[in-house]
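What follows is one structure encoded as structure tokens, with my remarks underneath.
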Amino acid sequence: MRAGRSARYRRANLNISAVIVIYLALFSGGAACRATGAGPAAKQKAENSIIGAYLMALHDFDFTNRTFRADMWLWSHSSPRSKRKPLQTMEFTNAQKTSASLFTEEVKGGVRWEQCKICGTFRYHWDLRNFPFDSHNLEIHIEEGVDDVRALTYEADAKDSTHVKELRLDGWKITDFQIISHPVVHSSTFGDPALSSGSVSKYAGLIIRITVRRMEIMSYIKLTAVAYISFMLTLLSFFLHMDGGEGFSDSRMTLLAGALFATVMNMSAASSALGTWDTMTLVDKVHIVTLLHILFAAFLAVLARVLLSKGVSVRRLRKMDLRAAALATITFIGTNGYMVIRAARAG
């Protein structure tokens, strides 16, 4: 009887011990899982890719279509274990079109190194208000197109990114080159079930910024030469009546009409050449000032004819025209000088 109770007691102890061992194993296993981050709720660390750029060519500045072209090499440094290929999943968000070639990939020094050549046409709003003293920050916007920042981030390789030092641009000079990390936030989750509805999403991004300054003024002279010649003809009109005695010649009004027509047509041609129909440039201001002086001369010509018909002497009319010519010269030169200096400082 005692032997039977003793056997049952030992079996009960064994069962209790087994339960305790199983409980401890489960508890310690769960704790270890949480400590190592292997559990289902663990948060994975985003992979980081270092992106660099080397500008090879910059050309085809198109003011009318608001674009420019650039050729460059891009490279990335990633972990050799990473399966992501940022050079193949990135997109150029301000590109009209791009083409990629010469893609290579290899592991060196424990780093997966990728590189490729990019040629593209990129959109840019040319601000030509201060032409020909303008400078521009041409930008190429890059954004990760597949993984958001929870999985992949970009880091700019600012130390090795640059442009060809011997790069020459007709009429332009590169004054600065930068590559900047610029994550992009979208006001949409793009349907990602892991994000709460109505929230935002964030993707890795970069900005390649090339600062260029115009170094020539010949184009400005070509676009404004007609306006300055028209003003000279306007000044000439103040003297046309002097050798005609009391007979006021219609050639004065004819000359002013020709100057007015030439100025208006040249202003339209300049706006088309610069593609600046929606902005007021220095070239537009020069033409407008010229038009105002032509209108002033036309008004004075009509006034002189009226005064002559009322008996005002030719001598008095000559003095009036000479004073008007002097006033027009001072105001035209002063206004143009002020506008040019202000544009040069702003540019």
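State yes or no: is A326 surrounded by fewer than 16 Cβ atoms within 10 Å (Cβ to Cβ) and either basic (K, R) or modelled with pLDDT of 90 or more (or both)? Yes; evaluated as a whole, the condition is true for this residue. Total residues in region 256-299 satisfying the condition of being buried (at least 20 other Cβ atoms within 10 Å of the Cβ), aliphatic (A, V, I, L, M) and over 23 Å from the mean Cα position of the chain (by Cα): the figure is 6.
The C-beta contact set for region 125-141 (first residue hydroxyl-bearing (S, T, Y), second residue not in a loop (DSSP other than H, G, I, E, B), distance under 8 angstrom, 6+ apart or interchain) comprises S135/T175; S135/T211; S135/V212; S135/R213; S135/R214.
Within region 57-76, residues that are surrounded by fewer than 18 Cβ atoms within 10 Å (Cβ to Cβ) reach partners that are basic (K, R) with beta carbons closer than 7 Å, at six or more positions or on different chains, in the pairs H59/R69; D60/R69; R66/R123; W73/K117.
Conditions tested, residue by residue: (1) out of contact with any Gly (no Cβ under 7 Å at 6 or more places or on another chain); (2) surrounded by 16 or more Cβ atoms within 10 Å (Cβ to Cβ).
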| position | (1), (2) |
| --- | --- |
| P86 | yes, yes |
| E91 | no, no |
| G109 | yes, no |
| F133 | no, yes |
| I142 | no, yes |
| K159 | yes, no |
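How many residues are among the β-branched types (V, I, T) and closer than 17 Å to F239 by Cβ if we restrict to region 271-301?
Result for region 271-301: 1.
Only a single item in (1) of a type outside the set (G, A, S); (2) at pLDDT 95 or above; (3) exposed (fewer than 11 other Cβ atoms within 10 Å of the Cβ) is not met by R213, and it is number (3). The residues listed here are R84, R69; of these, the one that is closer than 12 Å to Y154 by Cβ and among the basic types (K, R) is R84. Being surrounded by fewer than 11 Cβ atoms within 10 Å (Cβ to Cβ) and either in contact with a Lys or Arg (Cβ under 9 Å, 6 or more places away or on another chain) or small (G, A, S) (or both) holds for only one residue in G171, G198, G205, and it is G198. Residues that are in contact with a strand residue (DSSP E or B) (Cβ under 7 Å, 6 or more places away or on another chain) and more than 30 Å from T67 (Cα to Cα) within region 83-106 comprise R84, E105, E106, listed in sequence order. Remark: L240 matches the filter, which requires a residue to be outside the structural domain of L169 (by TED's automatic domain parsing), surrounded by 19 or more Cβ atoms within 10 Å (Cβ to Cβ) and without any contact (Cβ under 8 Å) to a residue 24 or more places away in the chain.
The values are calculated or read from the model by the stated rules, or taken from the named source; none is laboratory data. Remember, it's a predicted structure, so these values are computed and weren't measured experimentally. Every residue, glycine as well, gets a Cβ built from its backbone with ideal geometry; the counts of neighbours run over all protein chains shown.
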